[in-house]
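Step one of this worksheet: look at the structure below.
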Amino acid sequence: MDLSLWIFSDEGFPARWFCGSGWTDEPYVGWIHVVSDLVTWASYLTIPVLLMYFATNRRDVTFPKVFWLFCAFIISCGMVHLVEAVIFWWPVYRLSAVLKLVTAIVSAATAIALIRVFPVALSLPALATINQKLQTEIETRKLAEEKLERINLELESFVSIASHDLQEPLRNVISFTELLKEDLGDNLSDNATQDLKYISSAASRMQRLINDLLTFSRTTRHGATFQIAPVDDCVDEALEILQSRLEQSGGTITRSDLPKLKLDITLVAQLYQNLISNAIKFTESDRSPQIDLTAEMVDGVWVLGVRDNGIGIESKYTDQIFEPFKRLHGMSEYEGTGIGLAVCKTVVEHHGGQIWVTSHPGEGSHFQFTLEPFMLTAGVSPQAT
């Protein structure tokens, strides 16, 4: 006989209702067996289904193999109870025997697996201990954040005071250099004139460096105030400041339709001011700056940018230029302290976005950035386009 037919065959066995006269006299006893077995089977089926759903959606389950063995054990026990209820009408005692054998094997495997992991399980910290450690870490971090906030406030105060105290003597150096040139007049030799020029230039560079450091410091600790506003407002504010430089350079500005986003107007205006200022500065003297303010939707995220026709950047420097004080040219070629793009990166990071540049020497640059978490349209982080 085929094995499957043998397992489900009831030949030679009577249904349980016919196994003795007691069932006729006290049928409620049989129904207690049937109902109890069916309820137990339903519970044994529900419990592992929920446990398996939990294990499937949680990848951090401890001892996953034991977990799945335990689910198999519960299911096999439940099937035994189901067959026990069925036997009252259909005497599949052979199927009952096979299921009990399977349950015995799964039970033994589960027990062995539990014995193996038991020492490790005992060594695991209790939930209360974990919670206590987490609470301690939270309190420690909170204290560290409060201390850091105090340090930042003290540092900002120090930077402001140092900036003021340093700039005053620098202004005096520049002023007295000019006075010395006037006092000596024609008596000033060529070498002395050149020396005074170097002194004045160095003092002016120091002034710019101090101002840029102060700007970078304030931007780093700026408490951003976000509001829904047109990006055009930020651009207009930046262009108003740069109007004179733009006119002197003969540059032209074109802009795409810029979106309305949730942003800090002051910071984003500063971002555009720095990028447009660089576009004006790093343009060959024999041509006028052509600056295009770009905006496009990429994977549901607005990607904004400033494209120019300047001198361009070698690809090996495209990541380094966003570091503070990173300069690719000497002071004799282009003025500046190398902090402007670091400020741009800080502004973008305040908005949770990214900034990058696509450029080739002699072909201009395209600085692009996102302000992702505060976008009106959610999306995926874009790549450089």
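When you have a sec, figure out the Kirkwood radius of region 234-332 from all distinct Cα pair distances and drop it here in Å to one decimal?
In region 234-332 this quantity evaluates to 14.8 Å.
Please give every one of the lysines within straight-line cross-link reach of K260, meaning a C-alpha to C-alpha distance under 24 Å, and leave out same-chain neighbours fewer than 8 residues apart.
Of all the lysines, those that pass the test against K260 - Cα under 24 Å, at least 8 places apart if same chain - are K345.
Roughly how much of K142 is accessible, in Å² to the nearest 10, using a 1.4 Å probe?
Surface accessible to solvent at K142 totals approximately 120 Å².
Mind checking which lysines have their C-alpha under 19 Å from K181, skipping anything on the same chain fewer than 8 residues away?
By straight Cα distance, K181 reaches K197.
Leaving ligands and nucleic acids out of the surface, order T24, T358, T318 by accessible area at 1.4 Å, largest first.
T24, T358, T318
Largest first, how would F176, F369 line up by accessible area (1.4 Å probe)?
I get F176, F369, largest accessible area first.
The values are calculated or read from the model by the stated rules, or taken from the named source; none is laboratory data. Keep in mind that this is a model prediction, so the values were computed, not measured. Heavy atoms of the whole protein, side chains included, go into the accessibility calculation; ligands, DNA and RNA do not. Shrake-Rupley method; radii C 1.70, N 1.55, O 1.52, S 1.80 Å.
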